[in-house]
Amino acid sequence: MTGESRRKPGAVLFDKDGTLFDFAATWGRWCAGLLGGLSGGDPALAARMGVSIGFRISDATFSPDSPVIADPTDAIAARLLVHLPEWTQAGLSAHMNDLSKSAVQVAVVPLAVVLDGLLARGLRLGLCTNDGEAPARTHLAHAGVADRFDFVAGFDSGYGAKPDPGPLLAFARAVNLAPARIVMVGDSAHDMRAGRAAGMVCVAVGGIPSAVALADANLPNISALADWIDSRA
């Protein structure tokens, strides 16, 4: 293998929420509906649950450090269980995964155009999310881009969850590439820490300071990724 082939990116692994899809536009309304349903219509209980996950139900907004932004579904469910003694963590996680399939995803950019541009460059594409795998596949299908991905992993796919590098290394094995030839693209510190631990190149999008501080490069959104990869190659 030549030095150039080792350096040139051969694949891109994307985070989902906040990277492919606008996090606030997609999940604010969904989270308000989730808490409203779990509270049985009790606004005080819904508000308390919101505080426990960094979500203000009055205007459907997330705090910058909300665990909903980056933590796996079962970790979020664990925080909500304090208010829901009638639920089990497994049951609540399954309920949240099932409901999340119906969340209307708002793409950050025209996804098919951006992804097809990367595929035209010979890049393999994967998705690694701390959402569940089944909802993630549903969201990609609804966006009309599921067929662009060679690999999709969620927190429940058996590889671990970010910031653990397990799912990232599983992608590297799936596409038979050294991690150093894979670009991890995400918007959170979890994404960047996972990428660093896996030995991948880390690109932050969206400008979240905690992610920017850990990234090799920072882009406004994924529409700038093809040009950035061209500049490396």
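Looking at the stretch 24-100 from every direction and averaging, what is the projected area of its Cα convex hull in nm²?
4.5
So if I place +1 on the C-beta of Lys and Arg and -1 on the C-beta of Asp and Glu, and nothing else carries charge, what would the dipole magnitude of the stretch 24-100 be about its Cα centre? I want it in debye, nearest 20.
140
With the Cα gyration tensor of the stretch 70-170 giving a ≥ b ≥ c as the square roots of its eigenvalues, does the rule (a/c under 1.5 for rounded; else a/b larger than b/c for prolate; else oblate) give rounded, prolate or oblate?
The shape class here is prolate.
Show which aspartates and glutamates lie in cross-link reach of K101 when reach means a straight Cα distance below 14 angstrom and same-chain residues fewer than eight apart are skipped.
D17, D131, E133
Check the straight Cα-Cα distances from K162 and name the lysines below 17 Å, setting aside those fewer than 8 residues away within the same chain.
Of all the lysines, those that pass the test against K162 - Cα under 17 Å, at least 8 places apart if same chain - are K16.
Given Cα positions, please report Rg to Rh for the chain, the hydrodynamic radius being the Kirkwood one. Walk me through the numbers on the way to the answer.
Details: Rg = 17.8 Å, Rh = 18.0 Å.
A ratio of 0.99.
Residues with amide H under 5 Å of L127's amide H, sequence separation 5 or more or different chain, H placed in the peptide plane at 1.01 Å from N; which?
The list, which skips near neighbours in sequence, is F14, F151, V152, A153.
Taking loop as defined by DSSP and a crowding limit of 15 other beta carbons within 10 Å, which chymotrypsin sites (Phe, Trp or Tyr not before Pro) in the stretch 1-103 fit?
Qualifying residues, ordered by number: W87.
Which one, T73, P85, L38, projects farthest toward the positive side of the charge dipole computed for the stretch 20-140 from Cβ point charges (K/R +1, D/E -1)?
The one lying farthest along the dipole's positive direction is T73.
Just so you know, all these numbers are worked out from the coordinates, no wet-lab data involved. These numbers come from a predicted model, not from an experiment. Every residue, glycine among them, receives a Cβ derived from its backbone with ideal geometry; neighbour counts consider all protein chains shown.
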